[in-house]
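A short write-up of the structure that comes next.
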Amino acid sequence: MSSPIALITGATSGFGKAIAIKFASNRYNLVITGRRAERLQELKDTLTSTYGVEVIALSFDVRSKKAAFDAIDQLPAAWKAIDVLVNNAGLALGRDYFDEASIEDWDTMIDTNVKGLLYMSKAVIPSMIERRQGHIINIGSTAGKEVYEKGNTYCATKYAVNALSQAMRIDLLRHRIKVTVIHPGAADTEFSNVRFKGDGDQAKKVYEGYDPLTAGDVADVVYYTTTLPAHVCINDLVMTCTAQANSMYLFKDH
Ligand code: NDP
Ligand code: 8X3
(Lines give C-alpha, C1' and ligand atoms only; values in the text may rest on other atoms or scores of the structure.)
(Ligands and ions follow the chains in the order given, each with its own letter.)
Protein backbone atom coordinates (compact mmCIF):
# COMPACT_ATOMS: atom_id res chain seq x y z
CA MET A 1 0.00 0.00 0.00
CA SER A 2 1.57 3.29 -1.02
CA SER A 3 -1.00 5.64 0.50
CA PRO A 4 -0.58 6.67 4.14
CA ILE A 5 -2.94 5.18 6.72
CA ALA A 6 -4.97 7.06 9.33
CA LEU A 7 -6.91 5.44 12.17
CA ILE A 8 -9.77 7.56 13.46
CA THR A 9 -11.74 6.65 16.58
CA GLY A 10 -15.35 7.77 16.87
CA ALA A 11 -15.91 7.99 13.11
CA THR A 12 -19.66 7.26 13.22
CA SER A 13 -20.56 10.91 13.84
CA GLY A 14 -19.42 14.51 14.25
CA PHE A 15 -15.71 15.31 14.14
CA GLY A 16 -14.60 11.72 13.54
CA LYS A 17 -16.78 11.29 10.49
CA ALA A 18 -15.71 14.66 9.05
CA ILE A 19 -12.05 13.83 9.74
CA ALA A 20 -12.45 10.50 7.93
CA ILE A 21 -13.94 12.27 4.89
CA LYS A 22 -11.15 14.89 4.91
CA PHE A 23 -8.38 12.29 5.06
CA ALA A 24 -10.04 10.10 2.41
CA SER A 25 -10.35 13.10 0.10
CA ASN A 26 -6.60 13.50 0.54
CA ARG A 27 -5.89 9.90 -0.50
CA TYR A 28 -5.39 8.33 2.92
CA ASN A 29 -6.44 4.73 3.46
CA LEU A 30 -8.45 4.56 6.65
CA VAL A 31 -9.23 2.48 9.68
CA ILE A 32 -12.50 3.86 11.03
CA THR A 33 -13.86 2.86 14.43
CA GLY A 34 -16.91 3.36 16.64
CA ARG A 35 -19.58 1.22 18.27
CA ARG A 36 -22.37 1.70 15.71
CA ALA A 37 -21.45 -0.89 13.06
CA GLU A 38 -24.15 0.13 10.58
CA ARG A 39 -22.99 3.74 10.47
CA LEU A 40 -19.39 2.59 10.04
CA GLN A 41 -20.36 0.37 7.12
CA GLU A 42 -22.27 3.25 5.47
CA LEU A 43 -19.27 5.56 5.86
CA LYS A 44 -16.92 2.89 4.53
CA ASP A 45 -19.11 2.45 1.43
CA THR A 46 -19.24 6.22 0.85
CA LEU A 47 -15.50 6.69 1.26
CA THR A 48 -14.54 3.81 -1.00
CA SER A 49 -17.00 4.74 -3.73
CA THR A 50 -16.38 8.50 -3.60
CA TYR A 51 -12.63 8.63 -3.08
CA GLY A 52 -11.42 5.20 -4.21
CA VAL A 53 -9.49 4.66 -0.99
CA GLU A 54 -9.25 1.46 1.06
CA VAL A 55 -11.14 1.40 4.35
CA ILE A 56 -11.31 -1.05 7.25
CA ALA A 57 -14.24 -0.54 9.61
CA LEU A 58 -13.82 -1.88 13.15
CA SER A 59 -16.76 -1.76 15.50
CA PHE A 60 -15.79 -1.88 19.16
CA ASP A 61 -16.02 0.02 22.43
CA VAL A 62 -12.83 1.93 23.29
CA ARG A 63 -13.60 1.40 26.99
CA SER A 64 -12.69 -2.26 26.57
CA LYS A 65 -8.93 -2.78 26.86
CA LYS A 66 -9.22 -6.21 25.23
CA ALA A 67 -11.35 -4.95 22.33
CA ALA A 68 -8.97 -2.06 21.65
CA PHE A 69 -5.86 -4.28 21.58
CA ASP A 70 -7.63 -7.04 19.62
CA ALA A 71 -8.73 -4.47 17.02
CA ILE A 72 -5.14 -3.48 16.30
CA ASP A 73 -3.81 -7.06 16.57
CA GLN A 74 -6.25 -8.33 13.97
CA LEU A 75 -5.28 -5.75 11.34
CA PRO A 76 -3.50 -7.22 8.29
CA ALA A 77 0.29 -6.66 8.58
CA ALA A 78 0.38 -3.84 5.99
CA TRP A 79 -2.37 -1.99 7.87
CA LYS A 80 -0.49 -2.03 11.18
CA ALA A 81 1.77 0.70 9.78
CA ILE A 82 -0.55 3.48 10.93
CA ASP A 83 0.81 6.92 10.07
CA VAL A 84 -1.79 9.03 11.86
CA LEU A 85 -3.84 8.07 14.92
CA VAL A 86 -6.70 10.44 15.74
CA ASN A 87 -7.97 9.84 19.28
CA ASN A 88 -11.36 11.46 18.86
CA ALA A 89 -13.95 9.09 20.44
CA GLY A 90 -15.41 10.74 23.48
CA LEU A 91 -18.42 12.23 25.14
CA ALA A 92 -19.90 14.35 27.88
CA LEU A 93 -22.77 12.97 29.94
CA GLY A 94 -24.89 15.38 31.95
CA ARG A 95 -24.29 18.97 32.94
CA ASP A 96 -24.85 18.95 36.69
CA TYR A 97 -23.43 20.41 39.88
CA PHE A 98 -20.67 18.22 41.31
CA ASP A 99 -22.83 17.22 44.28
CA GLU A 100 -25.77 16.30 42.05
CA ALA A 101 -23.97 14.61 39.14
CA SER A 102 -24.22 10.89 38.41
CA ILE A 103 -21.27 8.70 39.36
CA GLU A 104 -22.17 6.36 36.50
CA ASP A 105 -21.83 9.28 34.07
CA TRP A 106 -18.43 10.09 35.57
CA ASP A 107 -17.28 6.49 35.12
CA THR A 108 -18.39 6.45 31.48
CA MET A 109 -16.63 9.72 30.68
CA ILE A 110 -13.41 8.71 32.41
CA ASP A 111 -13.42 5.25 30.82
CA THR A 112 -14.08 6.62 27.32
CA ASN A 113 -12.25 9.94 27.17
CA VAL A 114 -9.19 8.97 29.19
CA LYS A 115 -8.80 5.20 29.33
CA GLY A 116 -9.99 4.70 25.73
CA LEU A 117 -7.36 7.17 24.53
CA LEU A 118 -4.67 5.41 26.60
CA TYR A 119 -5.58 1.95 25.27
CA MET A 120 -5.69 3.03 21.62
CA SER A 121 -2.41 4.91 21.89
CA LYS A 122 -0.65 2.03 23.64
CA ALA A 123 -1.92 -0.41 20.99
CA VAL A 124 -0.83 1.70 18.00
CA ILE A 125 2.46 3.19 19.24
CA PRO A 126 4.64 0.01 18.87
CA SER A 127 4.37 0.06 15.07
CA MET A 128 5.18 3.79 15.05
CA ILE A 129 8.26 3.13 17.18
CA GLU A 130 9.36 0.35 14.84
CA ARG A 131 9.17 2.69 11.85
CA ARG A 132 10.46 5.73 13.77
CA GLN A 133 7.57 7.83 12.48
CA GLY A 134 3.97 8.58 13.29
CA HIS A 135 1.61 11.31 14.34
CA ILE A 136 -0.86 11.08 17.21
CA ILE A 137 -3.61 13.70 17.26
CA ASN A 138 -5.70 13.88 20.42
CA ILE A 139 -9.01 15.73 20.51
CA GLY A 140 -9.11 17.76 23.72
CA SER A 141 -11.50 20.66 24.31
CA THR A 142 -11.67 24.20 25.59
CA ALA A 143 -13.16 22.30 28.57
CA GLY A 144 -9.60 21.07 29.15
CA LYS A 145 -8.29 24.62 29.32
CA GLU A 146 -10.83 26.27 31.67
CA VAL A 147 -13.24 24.48 34.00
CA TYR A 148 -16.81 25.77 33.79
CA GLU A 149 -19.78 25.45 36.14
CA LYS A 150 -21.37 21.96 35.99
CA GLY A 151 -18.55 20.77 33.74
CA ASN A 152 -16.64 19.02 36.57
CA THR A 153 -15.75 15.51 35.37
CA TYR A 154 -16.06 16.19 31.64
CA CYS A 155 -13.61 19.08 32.10
CA ALA A 156 -11.35 16.83 34.19
CA THR A 157 -11.22 14.22 31.42
CA LYS A 158 -10.21 16.89 28.92
CA TYR A 159 -7.58 18.26 31.32
CA ALA A 160 -6.32 14.68 31.39
CA VAL A 161 -6.22 14.58 27.58
CA ASN A 162 -4.19 17.79 27.67
CA ALA A 163 -1.77 16.41 30.30
CA LEU A 164 -1.40 13.07 28.52
CA SER A 165 -0.72 14.82 25.23
CA GLN A 166 2.13 16.73 26.85
CA ALA A 167 3.39 13.55 28.50
CA MET A 168 3.25 11.55 25.27
CA ARG A 169 5.06 14.30 23.39
CA ILE A 170 7.88 14.31 25.93
CA ASP A 171 8.19 10.54 26.28
CA LEU A 172 7.90 9.80 22.55
CA LEU A 173 10.45 12.43 21.47
CA ARG A 174 13.14 9.75 21.24
CA HIS A 175 11.02 7.82 18.72
CA ARG A 176 10.40 10.83 16.43
CA ILE A 177 6.61 10.56 16.97
CA LYS A 178 4.64 13.80 16.67
CA VAL A 179 1.92 14.47 19.24
CA THR A 180 -0.67 17.17 18.60
CA VAL A 181 -3.61 18.09 20.80
CA ILE A 182 -6.46 20.12 19.34
CA HIS A 183 -8.92 21.81 21.70
CA PRO A 184 -12.13 22.83 19.91
CA GLY A 185 -14.78 25.03 21.47
CA ALA A 186 -18.52 24.59 20.93
CA ALA A 187 -19.26 22.67 17.74
CA ASP A 188 -22.63 21.55 16.45
CA THR A 189 -22.45 17.74 16.31
CA GLU A 190 -24.33 15.00 18.17
CA PHE A 191 -22.26 15.93 21.25
CA SER A 192 -25.06 17.82 23.05
CA ASN A 193 -27.70 15.21 22.15
CA VAL A 194 -25.48 12.67 23.87
CA ARG A 195 -24.72 14.97 26.78
CA PHE A 196 -28.40 15.69 27.40
CA LYS A 197 -29.36 12.05 26.83
CA GLY A 198 -31.59 12.58 23.82
CA ASP A 199 -33.26 15.84 24.95
CA GLY A 200 -33.18 17.49 21.53
CA ASP A 201 -34.55 20.86 22.72
CA GLN A 202 -31.87 21.26 25.37
CA ALA A 203 -29.21 20.20 22.87
CA LYS A 204 -30.46 22.67 20.25
CA LYS A 205 -30.30 25.58 22.71
CA VAL A 206 -26.54 25.10 23.11
CA TYR A 207 -26.01 26.27 19.54
CA GLU A 208 -28.62 29.05 19.34
CA GLY A 209 -27.75 32.73 18.92
CA TYR A 210 -24.32 32.34 17.29
CA ASP A 211 -22.51 30.42 14.57
CA PRO A 212 -20.74 27.48 16.23
CA LEU A 213 -17.87 25.50 14.77
CA THR A 214 -18.83 22.71 12.38
CA ALA A 215 -17.31 19.25 12.29
CA GLY A 216 -15.80 20.21 8.94
CA ASP A 217 -13.97 23.18 10.51
CA VAL A 218 -12.33 20.85 13.01
CA ALA A 219 -11.51 18.24 10.35
CA ASP A 220 -9.76 20.90 8.23
CA VAL A 221 -7.52 21.87 11.15
CA VAL A 222 -6.80 18.27 12.14
CA TYR A 223 -5.77 17.50 8.58
CA TYR A 224 -3.68 20.67 8.32
CA THR A 225 -1.49 19.55 11.22
CA THR A 226 -0.49 16.47 9.19
CA THR A 227 0.61 18.47 6.13
CA LEU A 228 3.67 20.09 7.69
CA PRO A 229 7.26 19.03 7.05
CA ALA A 230 8.70 16.14 9.10
CA HIS A 231 10.63 18.53 11.35
CA VAL A 232 7.56 20.65 12.25
CA CYS A 233 4.93 19.71 14.84
CA ILE A 234 1.86 21.66 15.99
CA ASN A 235 1.87 20.79 19.68
CA ASP A 236 -1.21 22.41 21.11
CA LEU A 237 -3.97 24.25 19.27
CA VAL A 238 -7.14 25.88 20.61
CA MET A 239 -9.84 26.63 18.04
CA THR A 240 -13.21 28.24 18.66
CA CYS A 241 -15.86 29.90 16.56
CA THR A 242 -15.45 33.67 16.31
CA ALA A 243 -18.27 34.18 18.83
CA GLN A 244 -16.39 32.27 21.55
CA ALA A 245 -13.33 33.38 23.50
CA ASN A 246 -12.96 30.39 25.83
CA SER A 247 -15.06 28.02 27.97
CA MET A 248 -16.72 30.95 29.76
CA TYR A 249 -17.22 33.67 27.17
CA LEU A 250 -19.64 33.11 24.31
CA PHE A 251 -21.30 36.11 22.62
CA LYS A 252 -24.83 35.38 21.38
CA ASP A 253 -26.36 38.04 19.13
CA HIS A 254 -28.87 36.37 16.82
P1 NDP B 1 -20.39 13.04 18.53
O2 NDP B 1 -21.30 12.58 19.61
O3 NDP B 1 -20.97 13.53 17.27
O4 NDP B 1 -19.33 11.87 18.19
C5 NDP B 1 -18.72 11.13 19.20
C6 NDP B 1 -18.05 9.90 18.61
O7 NDP B 1 -17.39 9.17 19.67
C8 NDP B 1 -19.04 8.95 17.95
O9 NDP B 1 -18.51 8.49 16.74
C10 NDP B 1 -19.14 7.81 18.94
O11 NDP B 1 -19.36 6.58 18.26
C12 NDP B 1 -17.74 7.81 19.57
N13 NDP B 1 -17.75 7.16 20.87
C14 NDP B 1 -18.32 7.59 22.01
N15 NDP B 1 -18.17 6.67 22.97
C16 NDP B 1 -17.49 5.63 22.42
C17 NDP B 1 -17.04 4.38 22.92
N18 NDP B 1 -17.24 4.00 24.18
N19 NDP B 1 -16.36 3.54 22.08
C20 NDP B 1 -16.14 3.92 20.81
N21 NDP B 1 -16.52 5.09 20.28
C22 NDP B 1 -17.21 5.93 21.08
O23 NDP B 1 -19.49 14.18 19.20
P24 NDP B 1 -18.25 15.05 18.62
O25 NDP B 1 -17.90 14.66 17.26
O26 NDP B 1 -18.57 16.45 18.90
O27 NDP B 1 -17.12 14.61 19.66
C28 NDP B 1 -15.88 14.06 19.26
C29 NDP B 1 -14.83 14.44 20.28
O30 NDP B 1 -14.70 15.85 20.31
C31 NDP B 1 -15.13 14.03 21.71
O32 NDP B 1 -13.94 13.59 22.31
C33 NDP B 1 -15.63 15.32 22.37
O34 NDP B 1 -15.40 15.32 23.75
C35 NDP B 1 -14.77 16.32 21.64
N36 NDP B 1 -15.21 17.71 21.60
C37 NDP B 1 -16.46 18.05 21.14
C38 NDP B 1 -16.83 19.38 21.07
C39 NDP B 1 -18.19 19.81 20.63
O40 NDP B 1 -18.62 20.93 21.00
N41 NDP B 1 -18.89 19.04 19.82
C42 NDP B 1 -15.89 20.45 21.43
C43 NDP B 1 -14.62 19.98 21.91
C44 NDP B 1 -14.30 18.67 21.96
P45 NDP B 1 -20.39 5.43 18.71
O46 NDP B 1 -21.47 6.08 19.53
O47 NDP B 1 -20.86 4.86 17.42
O48 NDP B 1 -19.55 4.49 19.49
C1 8X3 C 1 -17.15 20.37 24.22
C2 8X3 C 1 -17.25 21.84 24.35
O3 8X3 C 1 -18.00 23.75 25.88
O4 8X3 C 1 -19.38 21.77 25.84
O5 8X3 C 1 -15.94 19.89 24.67
O6 8X3 C 1 -17.27 21.73 26.95
S7 8X3 C 1 -18.00 22.28 25.84
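The values are calculated or read from the model by the stated rules, or taken from the named source; none is laboratory data. Computed from a predicted structure; not experimentally measured. No Cβ is skipped: glycine too gets one built from the backbone with ideal geometry, and neighbour counts run over all protein chains shown. Remember, those area values only see protein heavy atoms, side chains included, never the ligands or the DNA or RNA. Shrake-Rupley method; radii C 1.70, N 1.55, O 1.52, S 1.80 Å.
Could you tell me how many of the residues in region 92-130 are within 24 Å of D236 (Cα to Cα) and either among the basic types (K, R) or within 16 Å of ligand 1 (Cβ to nearest atom) (or both)?
Number of matching residues: 17.
Which is closer than 26 Å to T227 by Cβ, of a type in the set (D, E) and away from ligand 2 (no atom under 16 Å from the Cβ), of E54, E42? Walk me through it before giving the result.
Working: E42 fails: closer than 26 Å to T227 by Cβ.
E54 is the lone residue from the list that is closer than 26 Å to T227 by Cβ, of a type in the set (D, E) and away from ligand 2 (no atom under 16 Å from the Cβ).
Is there a residue in region 57-78 that is in contact with a Leu (Cβ under 7 Å, 6 or more places away or on another chain), more than 25 Å from H183 (Cα to Cα) and either open to solvent by 30 Å² or more (accessible area, probe 1.4 Å) or in contact (Cβ under 8 Å) with a residue 60 or more places away in the chain (or both)? Lay out the reasoning, then the answer.
Within region 57-78, the subset in contact with a Leu (Cβ under 7 Å, 6 or more places away or on another chain) is 57, 59, 71.
Adding the requirement that they be more than 25 Å from H183 (Cα to Cα) leaves 57, 59, 71.
Now restrict to residues that are either open to solvent by 30 Å² or more (accessible area, probe 1.4 Å) or in contact (Cβ under 8 Å) with a residue 60 or more places away in the chain (or both): 57, 59.
Checking region 57-78: at least one residue is in contact with a Leu (Cβ under 7 Å, 6 or more places away or on another chain), more than 25 Å from H183 (Cα to Cα) and either open to solvent by 30 Å² or more (accessible area, probe 1.4 Å) or in contact (Cβ under 8 Å) with a residue 60 or more places away in the chain (or both).
Within region 168-198, can you find the residues that are more than 14 Å from the chain's Cα centre (by Cα) and open to solvent by 40 Å² or more (accessible area, probe 1.4 Å)?
Initial filter on region 168-198 (more than 14 Å from the chain's Cα centre (by Cα)): 168-178, 186, 188, 192-198.
Correct list: R169, I170, D171, L173, R174, R176, D188, N193, V194, K197, G198.
With D61, D83, D105, D70 as the choices, which residue is within 16 Å of ligand 2 (Cβ to nearest atom) and modelled with pLDDT of 95 or more? Quick ask: steps written out before the conclusion?
Details: D61 fails: within 16 Å of ligand 2 (Cβ to nearest atom); D83 fails: within 16 Å of ligand 2 (Cβ to nearest atom); D70 fails: within 16 Å of ligand 2 (Cβ to nearest atom).
When all the criteria are applied, what remains is D105.
For region 163-198, enumerate the residues that are of a type in the set (A, V, I, L, M, F, W, C), within 16 Å of ligand 2 (Cβ to nearest atom) and in a loop (DSSP other than H, G, I, E, B).
Matches in region 163-198: A186, F196.
Considering only strands (runs of 3 or more DSSP E) fully contained in region 46-156, which possess at least 2 residues that are closer than 30 Å to T242 by Cα? Walk me through it before giving the result.
Working: elements: 55-59, 84-87, 135-139.
By residue number, 84-87, 135-139.
Within region 1-18, count every residue that is over 20 Å from I72 (Cα atoms) and either of a type in the set (A, V, I, L, M, F, W, C) or touching a Leu at 6+ places or on another chain (Cβ under 8 Å) (or both).
Number of matching residues: 2.
Is it the case that some residue within region 4-17 is over 18 Å from the mean Cα position of the chain (by Cα) and either charged (D, E, K, R) or at pLDDT below 95 (or both)? Break it down stepwise before answering.
Going through region 4-17, the residues over 18 Å from the mean Cα position of the chain (by Cα) turn out to be 4.
Checking which are either charged (D, E, K, R) or at pLDDT below 95 (or both) leaves us with none.
Checking region 4-17: not a single residue is over 18 Å from the mean Cα position of the chain (by Cα) and either charged (D, E, K, R) or at pLDDT below 95 (or both).
Identify, please: which residue in region 199-238 is polar (S, T, N, Q) and assigned to a helix (DSSP H, G or I) and is, among those, most open to solvent (accessible area, probe 1.4 Å)?
In the first step, residues of region 199-238 are kept if they are polar (S, T, N, Q); the result is 202, 214, 225-227, 235.
Narrowing further to those that are assigned to a helix (DSSP H, G or I): 202, 225.
Details: Q202: 80, T225: 1 Å².
By that ranking, first place goes to Q202.
So which pairs qualify, if the first residue must be in region 214-225 and in contact (Cβ under 8 Å) with a residue 40 or more places away in the chain, the second must be in a helix (DSSP H, G or I) and of a type in the set (F, W, Y), the Cβ gap must be under 6 Å, and the two must be at least 6 apart or on different chains?
A215/F15; V218/F15
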